[in-house]
Amino acid sequence: MLSSKILFVALILSLQNFAQSPYSFDLDNEAILYGTGISLGILENELLKQREQITIEELRNISRDNLNSFDKIATYNWSPNANAISDVLLVITIASPLFLLTSSDVHNDIGAYTNMYFQNAIFSYSLAYLAKSTFYRLRPYAYNPDVPTDEKLTKGTTLSFFSGHSTMAFSSAIFLSTMFQKYFPDSKLTPYIWGTSLVFASIVGYLRVYSGQHFPSDVITGAVVGSLVGYIIPLIHENQENKSKTLPLKIQTNNVFSFKINF
């Protein structure tokens, strides 16, 4: 029901102001994107319903010695406070792209902007939780004897791979930075926007490891997936002429050879 309401609101907003937008809009394509994103969300929800919580017997049979050395360090971590802080920072990071709507340039393009914002949120959430519902991986705190058993005996303990917090934090950070650079190409604030948004997202990822909720590999995977979502969603909506203007890759060495790729 909630997904249907989000879809309805997003589609209504998408029909506004596209005439002057640098982004293209096709109702069929948008329906496919929303349909795919929401379908993934429904699928992961059904899969999660079938997931059973970890048992005491399983807890007795696991050992951090069976983990790779890169991820093993997270099994010594446990901090409910860091977990709570990561939740707060995630909300701030997800909401941060909406602050651009205070600019008249972006607000005048509210239809295009909010359309992509919703799609970015839907896909980053759905992809992360589809992975969680598909892959069975215990969270690091399951291996930590200092963590109360009651904390471990939940379905959530089996949803370590990959980090949803990192996915959504990095998708929001990349989306915000990409859109800022698009709407304000000459702004001197661009490197600060990129730096600040990525620092916030990185802190969220770090806190997920520090709190014992995720392995480093969970966070890295989430960061990569989220970054791709945050970059691709605006990219596929750009008008063709804007793509060629704003996304060139040109390499030139001593005038001997050069090539240019436009996405």
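The numbers here are math on the coordinates, done by the rules we state, and not lab data. All figures in this text were calculated on a predicted structure; none of them were measured in a lab. Neighbour counts run over all protein chains shown; Cβ positions are idealised from the backbone, glycine included.
Checking the structure you have, find out if any residue of the stretch 123-137 is closer than 23 Å to residue 52 by Cβ and part of a loop (DSSP other than H, G, I, E, B). Yes, the stretch 123-137 contains at least one residue that is closer than 23 Å to residue 52 by Cβ and part of a loop (DSSP other than H, G, I, E, B).
The single condition from (1) touching a residue at least 24 places away in the same chain (Cβ under 8 Å); (2) surrounded by fewer than 16 Cβ atoms within 10 Å (Cβ to Cβ) that residue 61 fails is (1).
The residues of the stretch 31-87 that are among the aromatic types (Phe, Trp, Tyr) and touching a helix residue (DSSP H, G or I) at 6+ places or on another chain (Cβ under 7 Å), listed by number, are 34, 70, 78. Scanning the stretch 62-79 for residues being small (Gly, Ala, Ser) and under 13 Å from residue 141 (Cβ atoms) gives a total of 2. When we screen 204, 209 for residues that are out of contact with any Ser or Thr (no Cβ under 7 Å at 6 or more places or on another chain) and farther than 19 Å from residue 234 by Cβ, the only hit is 209.
Here 204, 209, 199, 219 are screened, and the one residue that is without any contact (Cβ under 8 Å) to a residue 12 or more places away in the chain, closer than 30 Å to residue 143 by Cα and either in a helix (DSSP H, G or I) or in contact with a Lys or Arg (Cβ under 8 Å, 6 or more places away or on another chain) (or both) is 199.
Tallying residues that are surrounded by fewer than 24 Cβ atoms within 10 Å (Cβ to Cβ) and either at positive phi or touching a His at 6+ places or on another chain (Cβ under 8 Å) (or both) within the stretch 156-170 yields 0.
Is it the case that some residue within the stretch 143-155 is at negative phi, touching a residue at least 60 places away in the same chain (Cβ under 8 Å) and under 21 Å from the mean Cα position of the chain (by Cα)?
No.
The number of residues in the stretch 100-112 being out of contact with any His (no Cβ under 8 Å at 6 or more places or on another chain) and in contact (Cβ under 8 Å) with a residue 12 or more places away in the chain comes to 8.
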